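K.L.:
Below are the structure tokens for one structure; questions will follow.
The values are calculated or read from the model by the stated rules, or taken from the named source; none is laboratory data. Remember, predicted model here, so these are calculated numbers, not experimental data. Don't worry about glycine lacking a Cβ; one is built from the backbone with ideal geometry, like all the others, and counts go over all protein chains shown. We work out accessible area using only protein heavy atoms, side chains counted, and drop any ligands, DNA or RNA first. Shrake-Rupley method; radii C 1.70, N 1.55, O 1.52, S 1.80 Å.
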Amino acid sequence: MTAVPRVVIAAPTSNAGKTSVATGLVAALAARGMAVSPHKVGPDYIDPGYTGLAAGRPGRNLDPVLVGEERVVPLFLHGARGADVAVVEGVMGLFDGASRAGLEPGFASTAHVARLLRAPVVLVVDASSQAQSVAALVHGFATYDPTVRLGGVVLNRVGSDRHEQILRDALGGSGVPVLGAVRRLAELGTPSRHLGLVPAAERSAEALATVGRLGEVVAASVDLDAVLRLARTAPALDAVPWDPAAEVRRTPTRPRIAVAGGAAFTFGYAENTELLTAAGAEVVVVDPLREETLPEGTAGLVVGGGFPEVHAADLSANETLRADIAALAARGAPVAAECAGLLYLARTLDGVPMCGVLPTDAVMSPRLTLGYREAVALSDSVLAPAGTRVRGHEFHRTVATPRAGAAPAWRWPDGDPEGFVAANVHASYLHLNWAGAPALAERFVAACAAVRQEVARAHR
């Protein structure tokens with residue numbers, strides 16, 4: 001039994017202020033000297049960047065679709081090791097789940113994860129356009145599902161002292177305590193982009209300032225002691241923390257694997273890198289915007305998601321690194337790329353040259369492609385043998401033409417092929433959390449080790 005004080009920050013709808021309140025709460029508790037473990041329900045990469053920045057440790061996703069509901073609690077306990085308290089930011093409205101065939105209503109919702117974690121919920125209510133009606137809203141959310149414990153409310157975007165008093169009076173008989181009231185503060189808005197918020201890693205000093213200010217506002221507007229008392233009512237969890245070393249076999253040769261990072265490649269799950277390390281790799285982060293060559297002795301490359309279209313000109317201008325990556329792929333070194341990684345390996349992105357590893361060209365599109373995907377591997381690759389089934393998600397506003405190579409990476413549920421497998425390169429729009437399929441990391445590291453050994457033999 002493992003005891004971790006914890007709360008889930010939810011809302012009736014999207015855009016109610018969950019991210020601002022969750023980030024501010026993490027920052028305020030961290031400012032008290034507490035070790036705070038930040039988590040995010042669902043596949044989103046960007047929100048955990050802000051809460052992770054506030055906490056000084058990785059923000060981790062809890063997604064029953066991507067990793068299976070049986071892994072949610074072990075992954076939570078793994079991420080929360082050594083923490084005094086955990087703050088879990090929800091997704092969409094409290095009861096809104098993944099709308100996919102074969103999944104029960106509410107699956108992967110904030111409520112679903114709160115039940116798995118046996119955690120009390122704090123409801124963030126956008127009060128900007130309501131008064132007494134807030135009581136009916138909170139009553140509905142408190143009684144809709146008796147298996148979800150609504151432990152308190154934070155009123156957000158409150159207009160004045162009088163407005164706050166009306167809201168508090170209305171909720172006085174609801175049985176759900178008001179834990180705080182946050183005023184309308186336009187300067188705390190985080191800049192958005194075509195896929196959501198701008199990643200914290202891209203904003204550097206500005207992001208730090210925003211996170212600090214959010215912490216100050218929440219500390220002044222929310223009863224932190226009441227939140228902590230609520231978090232400590234969460235019972236101990238009867239589960240063993242997830243251990244990446246128990247998920248994969250370790251190769252003894254320790255191949256060096258470069259992982260793209262920096263402002264252009266901010267999307268990645270911490271568990272993916274941990275699995276690579278557990279499988280025996282030496283992981284080195286490379287920033288394609290700043291570094292001109294891959295680390296000496298690189299045996300493989302992982303290029304995850306992000307916003308390369310925003311940085312296309314600078315990525316293209318780094319010709320020496322693009323040539324180095326193309327040469328690495330040509331030598332047969334394993335390369336795994338997803339979404340932004342696919343764009344970077346393409347011939348062109350919005351008309352400017354990229355690495356030229358893949359026979360495809362990408363452009364921005366007005367259409368958002370978003371959602372969970374169940375996919376089947378069509379070709380043997382450095383990630384998976386043909387026939388492997390995975391669950392991932394798409395999240396992009398670009399179109400690659402063609403969308404698949406002669407040896408496609410995956411078959412989509414609609415039967416269409418997607419992605420590219422060429423020699424030891426695997427590239428696709430599909431985002432994957434390897435904690436849900438650890439064999440991907442094990443196979444990739446083994447492929448890197450094998451290529452490294454072949455190169456060593458050739459130079460003897």
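K.L.:
State all residues of segment 245-271 that are within 21 Å of His39 (Cα to Cα) and open to solvent by 20 Å² or more (accessible area, probe 1.4 Å); if no residue qualifies, say none.
P.N.:
Those that are within 21 Å of His39 (Cα to Cα) and open to solvent by 20 Å² or more (accessible area, probe 1.4 Å): Thr266, Gly268, Ala270.
K.L.:
Tell me yes or no: at least one residue of segment 354-361 is among the acidic types (Asp, Glu) and over 24 Å from Pro255 (Cα atoms).
P.N.:
Yes: segment 354-361 contains one or more residues that are among the acidic types (Asp, Glu) and over 24 Å from Pro255 (Cα atoms).
K.L.:
Return the residues of segment 386-407 that are in contact (Cβ under 8 Å) with a residue 12 or more places away in the chain, under 29 Å from Leu62 (Cα atoms) and assigned to a loop (DSSP other than H, G, I, E, B); say none if nothing qualifies.
P.N.:
Hit for segment 386-407 is Thr388, nothing else.
Every residue, every condition in (1) modelled with pLDDT of 95 or more; (2) over 30 Å from Thr388 (Cβ atoms); (3) in a helix (DSSP H, G or I); (4) open to solvent by 50 Å² or more (accessible area, probe 1.4 Å), yes or no:
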{"site": "Phe307", "(1), (2), (3), (4)": "no, no, no, no"}
{"site": "Leu315", "(1), (2), (3), (4)": "yes, yes, yes, no"}
{"site": "Ala326", "(1), (2), (3), (4)": "yes, no, yes, no"}
{"site": "Leu358", "(1), (2), (3), (4)": "yes, no, no, no"}
{"site": "Glu374", "(1), (2), (3), (4)": "no, no, no, yes"}
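K.L.:
Can you pull out the residues in segment 112-149 that are β-branched (Val, Ile, Thr), more than 18 Å from Ala181 (Cα to Cα) and surrounded by 21 or more Cβ atoms within 10 Å (Cβ to Cβ)?
P.N.:
The answer is Val113, Val148.
K.L.:
Let me ask something else. Quick check on segment 360-368. Is at least one of its residues open to solvent by 10 Å² or more (accessible area, probe 1.4 Å), within 27 Å of Ala441 (Cβ to Cβ) and in contact (Cβ under 8 Å) with a residue 40 or more places away in the chain?
P.N.:
no
K.L.:
Looking at Glu394 and the list (1) charged (D, E, K, R); (2) open to solvent by less than 60 Å² (accessible area, probe 1.4 Å); (3) out of contact with any Phe, Trp or Tyr (no Cβ under 9 Å at 6 or more places or on another chain), which single condition is not satisfied?
P.N.:
(3)
K.L.:
Kindly indicate the residue of segment 160-176 that is in contact with a helix residue (DSSP H, G or I) (Cβ under 8 Å, 6 or more places away or on another chain) and open to solvent by less than 50 Å² (accessible area, probe 1.4 Å) and also farthest from His139 (Cα to Cα) among those meeting that condition.
P.N.:
Leu167
K.L.:
Please determine, by comparing only the residues of segment 328-356 that are charged (D, E, K, R) and not in a strand (DSSP E or B), which one is least open to solvent (accessible area, probe 1.4 Å).
P.N.:
So, considering only residues that are charged (D, E, K, R) and not in a strand (DSSP E or B), the one least open to solvent (accessible area, probe 1.4 Å) is Asp350.
K.L.:
Residue by residue through segment 228-267, note down the ones that are at negative phi and small (Gly, Ala, Ser).
P.N.:
Once the filter is applied, which keeps residues that are at negative phi and small (Gly, Ala, Ser), segment 228-267 yields Ala231, Ala234, Ala236, Ala239, Ala245, Ala246, Ala258, Ala260, Gly261, Ala263, Ala264.
K.L.:
Here is a list: Ser99, Ser14, Ser109, Ser37. Which entry is of a type in the set (Ser, Thr, Tyr), in contact with a strand residue (DSSP E or B) (Cβ under 9 Å, 6 or more places away or on another chain) and open to solvent by 10 Å² or more (accessible area, probe 1.4 Å)?
P.N.:
Ser99
K.L.:
Leu228 versus (1) surrounded by 19 or more Cβ atoms within 10 Å (Cβ to Cβ); (2) under 21 Å from Lys40 (Cβ atoms): which is the lone unmet condition?
P.N.:
So Leu228 meets the others, but not (1).
K.L.:
Considering only residues that are basic (Lys, Arg) and in a helix (DSSP H, G or I), which ones fall in segment 206-243?
P.N.:
Of everything in segment 206-243, those that are basic (Lys, Arg) and in a helix (DSSP H, G or I) turn out to be Arg213, Arg229.
K.L.:
Another question, then. Look at Glu296 and say whether it is farther than 27 Å from Gly392 by Cα, in contact with a helix residue (DSSP H, G or I) (Cβ under 7 Å, 6 or more places away or on another chain) and either touching a residue at least 12 places away in the same chain (Cβ under 8 Å) or not in a strand (DSSP E or B) (or both).
P.N.:
No; evaluated as a whole, the condition is false for this residue.
K.L.:
Restricting the search to segment 204-225, which residues are touching a helix residue (DSSP H, G or I) at 6+ places or on another chain (Cβ under 8 Å), among the hydrophobic types (A, V, I, L, M, F, W, C), open to solvent by 20 Å² or more (accessible area, probe 1.4 Å) and within 18 Å of Gly180 (Cα to Cα)?
P.N.:
Within segment 204-225, Ala219 is the sole residue that qualifies.
K.L.:
Does segment 51-65 contain at least one residue that is touching an Asp or Glu at 6+ places or on another chain (Cβ under 6 Å), buried (at least 24 other Cβ atoms within 10 Å of the Cβ), on the phi < 0 side of the Ramachandran plot and modelled with pLDDT of 95 or more?
P.N.:
There is no residue in segment 51-65 that is touching an Asp or Glu at 6+ places or on another chain (Cβ under 6 Å), buried (at least 24 other Cβ atoms within 10 Å of the Cβ), on the phi < 0 side of the Ramachandran plot and modelled with pLDDT of 95 or more.
K.L.:
Within segment 435-450, which residues are assigned to a helix (DSSP H, G or I) and open to solvent by 10 Å² or more (accessible area, probe 1.4 Å)?
P.N.:
Gly436, Ala439, Glu442, Arg443, Ala446, Ala447, Ala450
K.L.:
Give me the residue from segment 376-390 that is within 17 Å of Asp414 (Cα to Cα) and either polar (S, T, N, Q) or out of contact with any Lys or Arg (no Cβ under 7 Å at 6 or more places or on another chain) (or both) and, out of that set, surrounded by the most Cβ atoms within 10 Å (Cβ to Cβ).
P.N.:
Among those residues, the one meeting the criterion is Ala377.
K.L.:
Quick check, is Ala201 open to solvent by less than 50 Å² (accessible area, probe 1.4 Å) and either in a strand (DSSP E or B) or modelled with pLDDT of 55 or more (or both)?
P.N.:
Judged against the criteria, Ala201 is not a match.
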